[in-house]
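Right, one structure below, let's go through it.
The values are calculated or read from the model by the stated rules, or taken from the named source; none is laboratory data. Source: prediction; values computed, not measured. Because the Cβ atoms are built from the backbone with ideal geometry, glycine has one as well, and the counts that use them run over all protein chains shown. Remember, those area values only see protein heavy atoms, side chains included, never the ligands or the DNA or RNA. Shrake-Rupley method; radii C 1.70, N 1.55, O 1.52, S 1.80 Å.
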Amino acid sequence: MKTKIRNTTHLDSHYLAFAFLMICAVIMLFPFIWMILSSFKTAADVYSYPPRWLPSKWNGSNYSKVFNMIPFLRYYWNSIYTTVIMTALQIGISVLAAYSLVHLRWPGQAFMATVMRSSMFVPMVVTMIPMYLLVSSLNLVDTYAGIILPQISTAFTTFLIMSYFASIPQDMIDAAKLDGCGPFRVMTRVVIPNTKGAISTAALFSFLGNWKSYTWPLIITNDEMYRTLPIGLKYLQQESSSEYQVMMAAAVMTILPVLIIFVFFEKQLVRSITLTGMKS
Amino acid sequence: MKKKDEHPEKAGSGKVRLFGKEYHTKEMLVGLLFIVPTVAFLIFTFVIPVIDVIELSFTNFSMSAGTMKNVGMDNYKDLLEGFFTAEYWEDGFGQSLRNTVVYSLLKLTLDTGLALFLAVQLDKNVPLKRFLRSTFFAPVVVPMVASSLIWIWFYDPNVGPLNQILQFLGLPASKWLYHESTSMLSILIFSLWKGVGYNIILFLAGLQNISDSYVEAARLDGASDWQLFWKIKFPLLRPITSFVIMMGIINSFKVFAEFNVMTPDGGPLGSTKLIVSYIYELAFTRGRMGRASAAALILFVIIFVLTQIQSFINAKKTIDVE
């Protein structure tokens, strides 16, 4: 706990800071409030001057219009499906690799870590052209496999999980070994149960990263039915020609669930962000 | 890597010598087995594509024209030709390079500066601290494309609330995304709104890590808020500042999504066409994958050099401080 020195001059500066922060907070929140209010507006409200802050008549027709214009639920499902599988694969592969690199000994470990570290320096934009050619030669354009597999990058999550695994006391592992546990049971009975919270933090981080993925799904999907949510919304925006009230309804349905989840996971999320920052 | 030289002996655990080191056979086999999936994905998503993209960059491979011939350094020459002339920066790859550099510099300075400033304010003894922090952080977690839909409306020259506010105040309206002089700025404002919370979290964590004894000692010596920040807090935040800047460079040079959503065709007069948009259009709209591969590798070299310079400067500064 922090104990602050309080005196009058400092209190003044705190009030000033608070006023400033509140103004900034209003600016940060304004787009969300505008979005929610506007999703109930009519086209006439949108085009009226002076601007209307509240809908003239609250109606939900913009929401049903979204479903008529685009296969919105299908986009949602595509996003959930690909993100969940990508995250599960990433975390599964990373846990195995992290355990192997931290708690087991085999030749070539240092080299392996170097290759993984260098893979983090190469952004997707560098590899996406050959990857597209590979995926299309395998006839995986417009498939879930084509969306998911090329985006599996595990180096970052592996290093993150490695830092958690390294914090497990060696005594604990030695004790399990003395009890007759082999490498596999040491992992499932000692290492994973003791880092459960940490692994789920890594999973949350990886989930958010995959959820916002944009460039690759844009490249690899032509068929409307395989578009993920970000790609679907981009095309909705291009094709709906300034029907802003409808776009706001789509935005509400995309943003609101995330904000609600955010309220529950904020603490974990903040912790994982600060952890990656402090590590460097 | 952990050293585990003293393993508790177990009955029946065989050992094997490889490259002059002794390994437990079973442990080694399990270790190799567990690394197989990582190796497989590294090969298919990293090693092979990197080799391929280098090879492609020396060809005139085109999906549309169906050509595939080795052209040596031609792609690189064409992309960098006239680098030192003014016209180079007006069009094509040069323009996208200039736009990217301008965007990155502005984003990096404004985002870092604003985040640091807001974090310092939040670190003070203000009420509603948690609520305020969450408010700044919320735009970071919401989906990018969905939130850019809101801002596209804000920027609408006719029915956007921003112009309506300007009009109400008697100020001249702006064309925002639809004019070459303001399009970049418009996306920059959006990306600051969207991203500043991330760095606030990092700086705030750093500030809260600073021991109160430093702060109290400085206060007793009569240091002002201003001195306290620049003489004590800022130097102690150096590792985080450096991390923020490094991530900022990498992320702003490869930015694409917000630009592609807000200005799908590269903006008025190509004013918001960035390197990644250039590569995307060349490879996937015009099918010229050879040339696009060369552009992608140039981008990689730029990012790599910048991060190396940054970590070199940081290493030097850290030594200076000690």
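Tell me the residue from A:268, A:237 that is in a helix (DSSP H, G or I), under 28 Å from residue B:157 (Cβ atoms) and not hydrophobic (A, V, I, L, M, F, W, C), please. Can you show your working first?
On the way: A:268 fails: under 28 Å from residue B:157 (Cβ atoms).
Going through A:268, A:237 in turn, just one is in a helix (DSSP H, G or I), under 28 Å from residue B:157 (Cβ atoms) and not hydrophobic (A, V, I, L, M, F, W, C): A:237.
Per-residue answers, yes or no, for (1) within 11 Å of chain A (Cβ to nearest Cβ); (2) surrounded by 14 or more Cβ atoms within 10 Å (Cβ to Cβ); (3) within 14 Å of the chain's Cα centre (by Cα):
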{"site": "B:202", "(1), (2), (3)": "yes, yes, no"}
{"site": "B:209", "(1), (2), (3)": "yes, no, no"}
{"site": "B:219", "(1), (2), (3)": "yes, yes, no"}
{"site": "B:223", "(1), (2), (3)": "no, yes, no"}
{"site": "B:229", "(1), (2), (3)": "no, yes, no"}
{"site": "B:232", "(1), (2), (3)": "no, yes, no"}
{"site": "B:235", "(1), (2), (3)": "no, no, no"}
{"site": "B:239", "(1), (2), (3)": "yes, yes, no"}
{"site": "B:251", "(1), (2), (3)": "yes, yes, yes"}
**Message:** Can you confirm whether residue A:149 is open to solvent by 40 Å² or more (accessible area, probe 1.4 Å), farther than 30 Å from residue B:249 by Cα, out of contact with any Lys or Arg (no Cβ under 7 Å at 6 or more places or on another chain) and at the interface with chain B (Cβ under 9 Å from one of its Cβ atoms)?
**Reply:** no
**Item:** Residues within the stretch B:283-312 that are within 20 Å of the chain's Cα centre (by Cα) and open to solvent by 60 Å² or more (accessible area, probe 1.4 Å), tallied
**Value:** 6
**Prompt:** Which residue pairs have Cβ atoms under 7 Å apart, sit 6 or more places apart or on different chains, and have a first residue in the stretch B:66-93 that is at positive phi and in a loop (DSSP other than H, G, I, E, B) and a second that is open to solvent by 40 Å² or more (accessible area, probe 1.4 Å) and modelled with pLDDT of 90 or more?
**Reply:** B:72/B:58
**Message:** Looking only at residues that are within 9 Å of another protein chain (Cβ to nearest Cβ) and in contact (Cβ under 8 Å) with a residue 24 or more places away in the chain in the stretch B:150-182, which one is surrounded by the fewest Cβ atoms within 10 Å (Cβ to Cβ)?
**Reply:** B:152
**Count of residues meeting criterion [under 26 Å from residue B:98 (Cβ atoms), more than 14 Å from chain A (Cβ to nearest Cβ) and open to solvent by 60 Å² or more (accessible area, probe 1.4 Å)] in the stretch B:44-80** = 5
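Residues being at pLDDT below 95 and crowded, with 16+ Cβ neighbours inside 10 Å: count how many of those fall in the stretch B:81-99. So that I can check it myself, show each step before the final result.
Residues of the stretch B:81-99 that are at pLDDT below 95, as a first pass: B:81-92.
When the remaining residues are screened for being crowded, with 16+ Cβ neighbours inside 10 Å, the result is B:88-89, B:92.
Matching residues across the stretch B:81-99 total 3.
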**Message:** Please go through (1) within 9 Å of another protein chain (Cβ to nearest Cβ); (2) more than 13 Å from residue B:145 (Cα to Cα); (3) more than 17 Å from the chain's Cα centre (by Cα); (4) open to solvent by less than 20 Å² (accessible area, probe 1.4 Å) for residue A:234 and return the number of the only condition it doesn't satisfy.
**Reply:** (2)
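Return yes or no: is residue A:178 more than 20 Å from residue B:54 (Cα to Cα) and within 11 Å of chain B (Cβ to nearest Cβ)? Give the steps one after another, and end with the answer.
Numbers: more than 20 Å from residue B:54 (Cα to Cα): yes; within 11 Å of chain B (Cβ to nearest Cβ): yes.
For residue A:178, the condition - more than 20 Å from residue B:54 (Cα to Cα) and within 11 Å of chain B (Cβ to nearest Cβ) - is met.
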**Prompt:** residue A:92 is checked against (1) surrounded by fewer than 16 Cβ atoms within 10 Å (Cβ to Cβ); (2) more than 30 Å from residue B:36 (Cβ to Cβ) and fails just one. What number does that condition carry?
**Reply:** (2)
**Prompt:** For the stretch A:106-139, which residues satisfy the criterion of being buried (at least 16 other Cβ atoms within 10 Å of the Cβ), of a type in the set (A, V, I, L, M, F, W, C) and closer than 25 Å to residue B:295 by Cβ?
**Reply:** A:122, A:124, A:125, A:126, A:128, A:129, A:131, A:133, A:134, A:135
**Complete:** Being part of a helix (DSSP H, G or I), surrounded by fewer than 16 Cβ atoms within 10 Å (Cβ to Cβ) and touching a helix residue (DSSP H, G or I) at 6+ places or on another chain (Cβ under 9 Å) narrows B:122, B:106, B:110 down to just B:110
**Asked** Are there any pairs, at least 6 apart or on different chains, whose C-beta atoms fall under 8 Å, with the first in the stretch B:183-195 and free of Cβ contacts under 8 Å to residues at least 60 places away in the same chain and assigned by TED's automatic domain parsing to the domain that holds residue B:104 and the second open to solvent by less than 10 Å² (accessible area, probe 1.4 Å) and not hydroxyl-bearing (Ser, Thr, Tyr), and if so, which?
**Response** B:193/A:31; B:193/B:139
**Message:** Restricting to the stretch A:181-207, and then to whatever is out of contact with any Lys or Arg (no Cβ under 7 Å at 6 or more places or on another chain) and facing chain B (nearest Cβ under 9 Å), can you tell me which residue is surrounded by the most Cβ atoms within 10 Å (Cβ to Cβ)?
**Reply:** A:187
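Looking at residue A:191, is it in contact (Cβ under 8 Å) with a residue 40 or more places away in the chain, assigned to a loop (DSSP other than H, G, I, E, B) and in contact with a helix residue (DSSP H, G or I) (Cβ under 7 Å, 6 or more places away or on another chain)? Give the steps one after another, and end with the answer.
Working: in contact (Cβ under 8 Å) with a residue 40 or more places away in the chain: yes; assigned to a loop (DSSP other than H, G, I, E, B): no; in contact with a helix residue (DSSP H, G or I) (Cβ under 7 Å, 6 or more places away or on another chain): yes.
Considered against the rule, which asks whether it is in contact (Cβ under 8 Å) with a residue 40 or more places away in the chain, assigned to a loop (DSSP other than H, G, I, E, B) and in contact with a helix residue (DSSP H, G or I) (Cβ under 7 Å, 6 or more places away or on another chain), residue A:191 comes out as no.
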**Message:** Just to be sure I understand the filter: pairs with C-beta atoms under 7 Å, separated by 6 or more residues or on different chains, first member in the stretch B:110-138 and farther than 13 Å from residue B:196 by Cβ and more than 8 Å from every other protein chain (Cβ to nearest Cβ), second member assigned to a helix (DSSP H, G or I) and open to solvent by 40 Å² or more (accessible area, probe 1.4 Å). Which pairs pass?
**Reply:** B:123/B:208
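Tell me, yes or no, whether the stretch B:212-228 has at least one residue that is under 25 Å from residue A:273 (Cα atoms) and in a helix (DSSP H, G or I).
Looking only at the stretch B:212-228, we keep the residues that are under 25 Å from residue A:273 (Cα atoms), and these are B:212.
Of the ones still in play, those that are also in a helix (DSSP H, G or I) are B:212.
Yes.
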**Prompt:** Which of the residues belonging to the stretch A:1-49 are modelled with pLDDT of 85 or more, part of a loop (DSSP other than H, G, I, E, B) and either under 22 Å from residue B:218 (Cβ atoms) or under 28 Å from the mean Cα position of the chain (by Cα) (or both)?
**Reply:** A:39
**Request:** Working only within the stretch A:50-77, note down all residues that are outside any loop (DSSP other than H, G, I, E, B), among the basic types (Lys, Arg) and more than 27 Å from the chain's Cα centre (by Cα).
**Result:** A:65
